[in-house]
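J.: Right, I'll just put the structure down here and ask away after.
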Amino acid sequence: PENAKSGVAVAGTDLGVDYAAGTHISLISPEVNLETLVKNPVLSFSYYLELGDAGAARVNVLDTTETSLEEGSEDNGLFFTKNTDGWTEVSVALPASGQKVLLEFEFVAGGSAAGFFIDDVTVFESQ
């Protein structure tokens, strides 16, 4: 994308330059405290995805030692394999209420293209 979805900050593979074929990168969030979100924590964010010949992006939920609690999959709505036409918003339930977690935004590339970008990441309790 040419710009962040909102504001001036965005995280991504490389603004303005295509990623290299075979790229495998991840961004791990600061600690997210879900101890107070005991009912239905939800992760919401906007993403932009442009893949080359192959590849995928996913969000993994880790404990604070970076051990996987849940890997992104099509079943939990945290696995992405289709290019977006601009920024796309997604909101999904988190499986880890009542504990502190890390969110890993992971990208694995086949070919070369713009990549995976995230913006406006929030965690809240569903009502």
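J.: Counting residues that are touching a residue at least 40 places away in the same chain (Cβ under 8 Å) and among the aromatic types (Phe, Trp, Tyr), which strands (runs of 3 or more DSSP E) fully inside the range 45-127 reach at least 1?
T.: The qualifying strands (runs of 3 or more DSSP E) are 100-109, 115-125.
J.: Which of (1) assigned to a loop (DSSP other than H, G, I, E, B); (2) closer than 15 Å to Val121 by Cβ is the odd one out, the single condition Lys39 does not satisfy?
T.: (2)
J.: Picking from Thr81, Thr88, which residue would you name as being exposed (fewer than 13 other Cβ atoms within 10 Å of the Cβ) and at pLDDT 90 or above?
T.: Sole residue among the options that is exposed (fewer than 13 other Cβ atoms within 10 Å of the Cβ) and at pLDDT 90 or above: Thr81.
J.: Mind listing whichever residues of the range 43-61 are open to solvent by 20 Å² or more (accessible area, probe 1.4 Å) and either closer than 18 Å to Thr122 by Cβ or not aliphatic (A, V, I, L, M) (or both)?
T.: Ser44, Tyr47, Tyr48, Glu50, Gly52, Asp53, Gly55, Arg58
J.: Here is a further query. Name the residue that is farthest from the chain's Cα centre (by Cα), counting only residues in the range 100-126 that are hydroxyl-bearing (Ser, Thr, Tyr) and open to solvent by 50 Å² or more (accessible area, probe 1.4 Å).
T.: Ser112
J.: So if I check each of Asp53, Asp119, which one is acidic (Asp, Glu) and within 21 Å of Glu2 (Cβ to Cβ)?
T.: None of the others qualify; the one that does is Asp119.
J.: Okay, moving on. Starting from the range 1-27, keep only residues that are part of a strand (DSSP E or B) and modelled with pLDDT of 80 or more, then list their pairs with residues that are charged (D, E, K, R) and open to solvent by less than 60 Å² (accessible area, probe 1.4 Å) whose Cβ atoms are within a distance under 7 Å, requiring at least 6 positions of separation or different chains.
T.: Ser26/Glu104; Ser26/Glu106
J.: Scan the range 64-78 for residues that are under 18 Å from Leu27 (Cβ atoms) and either surrounded by 14 or more Cβ atoms within 10 Å (Cβ to Cβ) or in contact with a His (Cβ under 6 Å, 6 or more places away or on another chain) (or both) and report the count.
T.: So the answer is 5.
J.: Kindly indicate the residue of the range 1-42 that is within 12 Å of Asp119 (Cβ to Cβ) and not hydrophobic (A, V, I, L, M, F, W, C) and also most open to solvent (accessible area, probe 1.4 Å) among those meeting that condition.
T.: Within the range 1-42, the match that is most open to solvent (accessible area, probe 1.4 Å) is Asn3.
The values are calculated or read from the model by the stated rules, or taken from the named source; none is laboratory data. Remember, predicted model here, so these are calculated numbers, not experimental data. With ideal geometry, Cβ positions are generated from the backbone for all residues, glycine too; neighbour counts draw on all protein chains shown. Calculation scope for accessible area: heavy atoms of the full protein, side chains included, ligands and nucleic acids excluded. Shrake-Rupley method; radii C 1.70, N 1.55, O 1.52, S 1.80 Å.
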